[in-house]
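Participant: Next up is a structure, given as structure tokens.
Derivation of every value follows stated rules applied to the coordinates shown; laboratory data play no part. Owing to the predicted nature of the structure, the values given are computational and were not obtained by experimental measurement. Cβ coordinates were reconstructed from backbone atoms using ideal geometry, including for glycine residues, and neighbour counts include every protein chain displayed.
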Amino acid sequence: MIKTIQYFAALFVLVIIIILAGSTKIRKESSPLYFLEGDTLDVRIAVEGGVYIRQGHPSGFHYDILNKFAKNEKCKLNLLPKNDSDKWDELISGSVDILVIDADKEVIPDELSGNLISSVAINDGEQVWVVRREDFNLLQQLNYWINFFKQSKEYGALITKYFKRYTRIPFSMSASTSVLSPYDDLIKKYSKTIGWDWRLLASLIYQESKFSMNVSSSRGAHGLMQVKAATAKQFNIDNVFDPEQNIKAGTLLIKRLQKMFDDPGIDSVNRIKIVLAAYNAGEGRVIDMRSLARHNGVDPNDWNILKDLIPQMRKRENIPPGVLKLGPFKGHETFKFVDEVYDRYITYTNFVKK
């Protein structure tokens with residue numbers, strides 16, 4: 001009897017060991033693997049948005065969430081600038097790993113439907129992440145993570161930050177608000193480093209990008225403050241699409257321009273406008289404007305006078321050699337830029353809380 005009990009006890013222990021070994025193996029095989037660890041995901045965000053419109057700020061929303069996914073997977077995220085390339089060709093060719101689209105407005109082309117597959121909806125706007133079908137493991141990981149993340153308070157906070165805040169904010173002087181963009185905290189932080197009212201810096205950023213953090217210009221300027229690669233490199237900024245790094249680079253450039261035009265004869269308003277002109281056209285153009293003003297015997301510290309001199313800089317026939325260092329300058333864009341940024345700032349002061 002005792003031998004029989006011992007036999008069954010030994011058999012029972014053996015069975016338990018086998019079950020535990022098997023379950024351990026299953027857990028290892030089914031547990032999330034960091035197969036992206038050390039890799040870089042190239043991403044194109046192909047959704048539109050802006051300020052005070054129903055769509056909110058989707059580019060920043062997706063950038064934030066993709067960064068959180070990349071951090072979770074121990075990999076890096078590389079946001080590609082917008083260009084004229086075919087986004088579907090980029091995805092198929094492998095130059096883009098994840099394409100963000102608005103599935104409510106566009107779908108995967110029929111001829112590519114067998115090669116591409118989309119994620120679950122990232123938000124109520126039916127925006128999705130599309131990958132190559134051969135990257136199905138990536139899609140599984142995306143879906144697994146986003147379904148989990150959407151249940152968190154952090155996800156809800158991002159929805160509020162990038163979408164819900166703007167559904168009832170009219171662009172009108174008759175309605176006051178304390179919110180201009182998802183980046184207000186960063187704008188307030190870095191405006192202090194240059195001694196500006198944060199609403200002035202916000203007006204400049206609106207002029208440059210409409211608060212869209214992944215826009216690029218034909219001149220190679222990127223992000224919220226349209227920072228060029230050379231400027232970013234000068235200030236040791238390695239990611240011009242990251243909102244904080246971009247604003248940091250832009251305000252460091254403004255700080256340098258402020259020192260350049262630190263003339264006791266320039267009052268505070270004209271100094272702002274001259275710095276804005278230099279931010280848009282480059283300091284060389286503003287130096288030329290002021291040089292021409294001195295040559296003409298007028299005040300080089302008054303932006304309205306400088307603006308009136310711009311037509312002379314277009315032809316230059318009556319300007320002696322040496323007065324201007326750079327070539328002809330049309331100037332239409334620059335004086336429009338300065339006036340619109342400053343006028344919007346005045347509007348902001350009337351309905352946006354300081």
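Participant: Once you place label points 7 Å from the Cα toward the Cβ at D308 and K74, how far apart are they in nm?
Facilitator: Distance between label points: 6.8 nm.
Participant: Also: Run through the DSSP bridge list for the chain and note the antiparallel percent, rounded to the nearest 5.
Facilitator: Details: 10 of 18 bridges.
Of all bridge pairs located within the chain, approximately 55 percent are antiparallel.
Participant: While we're looking at this one, here's another question. Provide the gained length on full extension for the span E154 to I346, in nm with one decimal, where the gain is 0.36 nm per separating residue minus the Cα-Cα distance. Before the final figure, lay out each step's value.
Facilitator: Details: separation 192, 0.36 × 192 = 69.12 nm, distance 3.48 nm.
Gain on stretching E154 to I346: 65.6 nm.
Participant: Of I247, P328, I346, which is farthest on the positive side of the dipole of region 184-351, counting Cα position, with +1 on Lys and Arg Cβ, -1 on Asp and Glu Cβ, and the Cα centre as origin?
Facilitator: Looking along the dipole axis, the top candidate is P328.
Participant: Quote the charge dipole size of region 40-164 about the Cα centre in Debye, to the nearest 20; the model charges only the Cβ of Lys and Arg (+1) and of Asp and Glu (-1). Provide the component values of the computation, followed by the final result.
Facilitator: Details: 15 positive and 19 negative charges, 156 e Å.
Here region 40-164 has a charge dipole of around 760 debye.
Participant: Using only the Cα atoms of region 71-124, what do you get for the radius of gyration and for Dmax, in Å?
Facilitator: My reading of the Cα-based Rg and Dmax gives 12.5, 34 Å.
Participant: Can you compute the FRET efficiency between D267 and N115 using 1/(1 + (r/R0)^6), with r the Cβ-Cβ distance and R0 = 51 Å? Round to the nearest 0.05.
Facilitator: Values: r = 62 Å, r/R0 = 1.21.
Here the calculated transfer efficiency is 0.25.
Participant: Using +1 on the beta carbon of Lys and Arg, -1 on that of Asp and Glu, and nothing else charged, what's the dipole of the chain about the Cα centre, debye to 20? Before the final figure, lay out each step's value.
Facilitator: Values: 48 positive and 42 negative charges, 228 e Å.
The calculated dipole for the chain is roughly 1100 debye.
Participant: Next question. Using a cut-off of under 18 Å, list every residue of region 241-261 whose amide N is near the label point 7 Å from the Cα of K189 along the Cα-to-beta-carbon line.
Facilitator: It comes to 241-255, nothing else.
Participant: Could you give log10 I(q)/I(0) at q = 0.12 Å⁻¹ for region 202-354, computed by the Debye formula over C-alpha point scatterers of equal weight, without solvent?
Facilitator: -0.54
Participant: Can you tell me the orientation of helix 2-30 relative to the chain, as the angle in degrees between its alpha-carbon axis and the longest Cα principal axis, to the nearest 10?
Facilitator: The helix 2-30 is inclined about 20 degrees to the chain.
Participant: I need the peptides 140-151, 186-197 ranked by packing, meaning the mean over residues of other C-beta atoms within 10 angstrom, with the highest value on top.
Facilitator: Details: 140-151: 14.9, 186-197: 17.3.
The packing order, highest mean first, is 186-197, 140-151.
Participant: Mind sorting E333, E283 by how few other Cβ atoms lie within 10 Å of their own Cβ, fewest first?
Facilitator: Working: E333 10, E283 17.
Taking fewest neighbouring Cβ atoms as first place, the list is E333, E283.
Participant: Kindly provide the helix-only [θ] at 222 nm of the chain, computed as the sum of -39,500 (n - 2.57) over DSSP H runs of four or more divided by all residues, to the nearest 500 deg cm²/dmol? Don't skip to the answer; put the middle values down first.
Facilitator: On the way: 14 runs with 178 residues, N = 354.
Roughly -16000 deg cm²/dmol at 222 nm, from the helical runs in the chain.
Participant: Please go through the residue pairs K71/K150; K150/K353; K248/K354 and name each one whose alpha carbons sit more than 28 Å apart in this structure.
Facilitator: Working: K71/K150 16 Å; K150/K353 32 Å; K248/K354 21 Å.
Table pairs above 28 Å Cα-Cα are K150/K353.
Participant: How far, in nm, would the chain grow between F235 and D86 when pulled straight, counting 0.36 nm per residue and subtracting the alpha carbon separation?
Facilitator: Details: separation 149, 0.36 × 149 = 53.64 nm, distance 3.24 nm.
Residue separation times 0.36 nm, minus the Cα-Cα distance, leaves 50.4 nm.
Participant: Here's another thing I want to ask about it. Calculate how steeply helix 198-209 sits against the longest principal axis of the alpha-carbon atoms of the chain, using the helix alpha-carbon long axis, and give the answer as 0 to 90 degrees to the nearest 10.
Facilitator: Orientation of helix 198-209: about 80 degrees from the principal axis.
Participant: Between D197 and K228, 0.36 nm times their residue separation minus their Cα-Cα distance comes to what? Before the final figure, lay out each step's value.
Facilitator: Numbers: separation 31, 0.36 × 31 = 11.16 nm, distance 2.41 nm.
Gain on stretching D197 to K228: 8.7 nm.
Participant: Rg to Rh ratio, the chain, alpha-carbon atoms and Kirkwood radius? Don't skip to the end; give the middle numbers.
Facilitator: Details: Rg = 28.0 Å, Rh = 23.9 Å.
Rg/Rh for the chain comes to 1.17.
Participant: Ok, one more. Cβ under 10 Å from N270's Cβ, N270 left aside: what net charge do those residues give with Lys, Arg +1 and Asp, Glu -1? Intermediate results must be reported in sequence, preceding the final value.
Facilitator: On the way: positive: R271, K273; negative: D263, D267, D299, D302.
So the surrounding residues net to -2.
Participant: Taking the chain as the reference, fit the longest principal axis to its C-alpha atoms, fit the long axis of helix 153-162 to the helix C-alpha atoms, and give the angle between the two in degrees, 0 to 90, nearest 10.
Facilitator: 30 degrees
Participant: So, one more: What does the charge count around R199 come to, taking other residues whose C-beta lies under 11 Å from its C-beta (Lys +1, Arg +1, Asp -1, Glu -1)? Write out the running numbers ahead of the final one.
Facilitator: Working: positive: K188, R344, K353, K354; negative: D184, D197.
Within the 11 Å Cβ shell, the charges total +2.
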